[in-house]
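Asks: The structure's right below; bear with me while I get my questions together.
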Amino acid sequence: MKRAFITGIEGQDGSYLAELLLAKNYEVHGLYRRSTNGGSPNLKHLRANPLVFQKTLFLYPADLDEVDSIRVPLEKAAPDEIYHLASQSHVGQSFEKVEETCRVTGLGTLRLLELARQLPRPARFFHASSSEIFGSPEQSPQDENTPVNPITPYGCAKAFGTQLTKIYRKNFGLFAVNGILFNHESPRRGENFVTRKICRAVAAIKAGRQKELVLGDTSAQRDWGNARDYVRGLWLTLQHETPEDFVFATGKLNRVQDIVEIAFRAVELDWRQYVRQEAALFRAADPRQVVGNPAKAKQLLGWEPTITFEQTIVEMTRAELSA
Ligand code: NDP
Ligand code: GDR
C-alpha cells in the first residue's frame, strides 16, 4: 500500500485528490489549516465514513507558517508521495495580503521542500504551480518553456516555489515536479472565485434570495478546466519515470461573460436583468491571454481533459440549486 501526504487536503483539489488516492488503495495523510479547524464541507463525507477515517485517511491540523506542525505529521506518515497544494490561493486577495501570500505560498513551499529533503526515505514531491507565474505572456499558448514573469503578488510567490522546486530537483536529487495548473473549477471551488460566485448568485436569484450579481471585468478571459481532470494529472506526474514539469490546461479561452450566460441559461433567466460590473472589483493587474498548451502532458502522461467548460458551469449551477 502506497502512502501519500497532501497539504491543503480540505481545499478543492486536496479533497478530490484524497478521493482518487483512496480509490487507488493509498493510505492518505493530509494537513488541514489549524485556524479553520477542519470546517470545510469538502471532506465531511470522508470524515464521517468509519471505514475510511482513521483507517486509511489520517488528518492533522497544521500551519505552513510553523515548520514543526508540518514536520511531525510528515515524519509519521513516511510517505511515498507528497502533494503540496496548500496556499493562499486567491489572486485578488494577494494584493491586500502581500506579505501573508509570500509567506504561506512562497516560504511554505520552501519549508516543505526542505523537510522532504531530510526524510530518511525519499518521497516524490509535487508542487501546485500556476499559470499566474507567466504574468501577461507575449507567447500564446503557454507551455513549460514560457518565460516566468509574474505580475501579481500571488504569481510572484508561486514563481518562487516553482523555481525552488526545480532547484531541489537539480541540486539535491529530489524527485520534485511542478504541475503548472491553469484555472480549474468544480462545485467544491472556494466561494470567492468567479465561477462559484456566479453559480451561487444565479441559484440564489432563481430562488428569489438575491436581486443582482455584481462582478468585476466580465471581458476577462481564462483557460478553465475541471478539477477532477486536473487531480488525475497531478497523480500522473508522480507516476512518470522521470521528474519533469507539466502544464495542465484545456487550450481554450472563455470569458467571464460566457460563465454568466451559461449559468443563467441553465436556470432559464435572462442575465441582462441581473448583472452589473463595478470598477472596485476590477484588479490592479490582471493577466491577459493566459491559455495553456497541454501537449507535453498528453504525449508523456496520456493526460487529456475530459469534462468541458460548459459541463462544469452547468454542474456547478445545479449543485448550487440543490444546496
Ligand atoms: P484551495 O484554496 O481550495 O485550497 C488551498 C488549501 O490550503 C485550503 O484548504 C486552505 O485552507 C489551505 N491553506 C491556506 N493557508 C494555509 C496555511 N497557512 N497553512 C495550512 N493550510 C493552508 O485551492 P485549490 O484546491 O483550488 O488549489 C490547490 C493548489 O493549486 C493551490 O496551491 C492553488 O494555489 C493551486 N492552483 C489552483 C488552481 C485552480 O484553478 N484551482 C490553478 C493553479 C494553481 P482553508 O480552507 O482553511 O483556507
Ligand atoms: P484567478 O481566478 O484569479 O484566475 O485565479 P478568479 O476566479 O478569482 O478570477 C478569474 C477572472 O475573473 C475576473 N473577475 C472576477 N474574479 C473574482 N474572483 N470575482 C469577481 O467578481 C470577478 N469579476 C471578474 C478576474 O479579474 C479574473 O480575470 C485562479 C486561482 O485558482 C489561483 O489560485 C490560480 O493559480 C489561478 O486561477 C490559475
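The values are calculated or read from the model by the stated rules, or taken from the named source; none is laboratory data. All figures in this text were calculated on a predicted structure; none of them were measured in a lab. Cβ sites come from the backbone with ideal geometry, for glycine too, and all protein chains shown count toward neighbours. SASA here: full protein model, heavy atoms, side chains in, ligands and nucleic acids out. Shrake-Rupley method; radii C 1.70, N 1.55, O 1.52, S 1.80 Å.
Asks: Is it the case that Thr317 is surrounded by 20 or more Cβ atoms within 10 Å (Cβ to Cβ), in contact with a strand residue (DSSP E or B) (Cβ under 6 Å, 6 or more places away or on another chain), in a helix (DSSP H, G or I) and at pLDDT 95 or above? Please lay out each step first, then the result.
Replies: Numbers: surrounded by 20 or more Cβ atoms within 10 Å (Cβ to Cβ): yes; in contact with a strand residue (DSSP E or B) (Cβ under 6 Å, 6 or more places away or on another chain): no; in a helix (DSSP H, G or I): yes; at pLDDT 95 or above: yes.
Here the answer is no, as Thr317 does not meet what is asked.
Asks: Moving to a separate point now. Of all residues being over 19 Å from the mean Cα position of the chain (by Cα) and open to solvent by less than 60 Å² (accessible area, probe 1.4 Å) in the range 23-44, which is farthest from ligand 1 (Cβ to nearest atom)? Just the residue, please.
Replies: By that ranking, first place goes to Glu27.
Asks: What single numbered condition from (1) away from ligand 2 (no atom under 16 Å from the Cβ); (2) open to solvent by 10 Å² or more (accessible area, probe 1.4 Å) fails to hold for Val177?
Replies: Just one mismatch for Val177, condition (2).
Asks: Let me ask you something else. Under the condition of being within 10 Å of ligand 1 (Cβ to nearest atom) and part of a loop (DSSP other than H, G, I, E, B), which residue from the range 192-222 is surrounded by the fewest Cβ atoms within 10 Å (Cβ to Cβ)?
Replies: Asn192
Asks: Residues of the range 247-283 being open to solvent by 30 Å² or more (accessible area, probe 1.4 Å), among the aromatic types (Phe, Trp, Tyr) and touching a helix residue (DSSP H, G or I) at 6+ places or on another chain (Cβ under 9 Å), which ones?
Replies: Of everything in the range 247-283, those that are open to solvent by 30 Å² or more (accessible area, probe 1.4 Å), among the aromatic types (Phe, Trp, Tyr) and touching a helix residue (DSSP H, G or I) at 6+ places or on another chain (Cβ under 9 Å) turn out to be Trp271, Tyr274.
Asks: Wholly within the range 81-187, which strands (runs of 3 or more DSSP E) include no fewer than the required count, namely at least 2 residues that are β-branched (Val, Ile, Thr)? Let's see the steps before the verdict.
Replies: Details: elements: 81-84, 124-130, 176-181.
Answer list for the range 81-187: 176-181.
Asks: When you go through Glu66, Glu75, Glu99, Glu114 one by one, which is the residue that is more than 20 Å from the chain's Cα centre (by Cα), over 22 Å from Phe175 (Cα atoms), surrounded by fewer than 16 Cβ atoms within 10 Å (Cβ to Cβ) and at pLDDT 95 or above?
Replies: Numbers: Glu66 fails: at pLDDT 95 or above; Glu75 fails: over 22 Å from Phe175 (Cα atoms); Glu114 fails: over 22 Å from Phe175 (Cα atoms).
Every option except Glu99 fails the conditions.
Asks: Follow-up. Considering only the range 85-127, state which residues are in contact with a helix residue (DSSP H, G or I) (Cβ under 7 Å, 6 or more places away or on another chain), small (Gly, Ala, Ser) and closer than 20 Å to Val148 by Cα.
Replies: Ser87, Ser94, Gly106
Asks: Now, a different point. Determine which single condition Ile6 fails, assuming it passes every other condition in (1) part of a helix (DSSP H, G or I); (2) closer than 18 Å to Thr105 by Cβ.
Replies: With respect to (1) part of a helix (DSSP H, G or I); (2) closer than 18 Å to Thr105 by Cβ, Ile6 is out only on (1).
Asks: Among the residues of the range 256-276, is there at least one that is on the phi < 0 side of the Ramachandran plot and within 15 Å of ligand 1 (Cβ to nearest atom)? Before you say what the answer is, go through the steps one by one.
Replies: Restricting attention to the range 256-276, the residues satisfying the condition of being on the phi < 0 side of the Ramachandran plot are 256-267, 269-276.
The next check asks that each one be within 15 Å of ligand 1 (Cβ to nearest atom); those that pass are 256, 259.
Yes, there is a match, as at least one residue in the range 256-276 is on the phi < 0 side of the Ramachandran plot and within 15 Å of ligand 1 (Cβ to nearest atom).
Asks: Need the failing condition index for Gly233 against (1) open to solvent by less than 10 Å² (accessible area, probe 1.4 Å); (2) not assigned by TED's automatic domain parsing to the domain that holds Phe95, just the number.
Replies: (2)
Asks: Let me ask something else. Assess whether Pro305 counts as being under 21 Å from Thr162 (Cβ atoms) and modelled with pLDDT of 95 or more.
Replies: Working: under 21 Å from Thr162 (Cβ atoms): no; modelled with pLDDT of 95 or more: yes.
Taking the combined requirement at face value, the residue does not satisfy it.
Asks: Return the only residue of Ala86, Ala123 being modelled with pLDDT of 95 or more, touching an Asp or Glu at 6+ places or on another chain (Cβ under 7 Å) and buried (at least 19 other Cβ atoms within 10 Å of the Cβ).
Replies: Values: Ala86 fails: touching an Asp or Glu at 6+ places or on another chain (Cβ under 7 Å).
After applying the criteria, what remains is Ala123.
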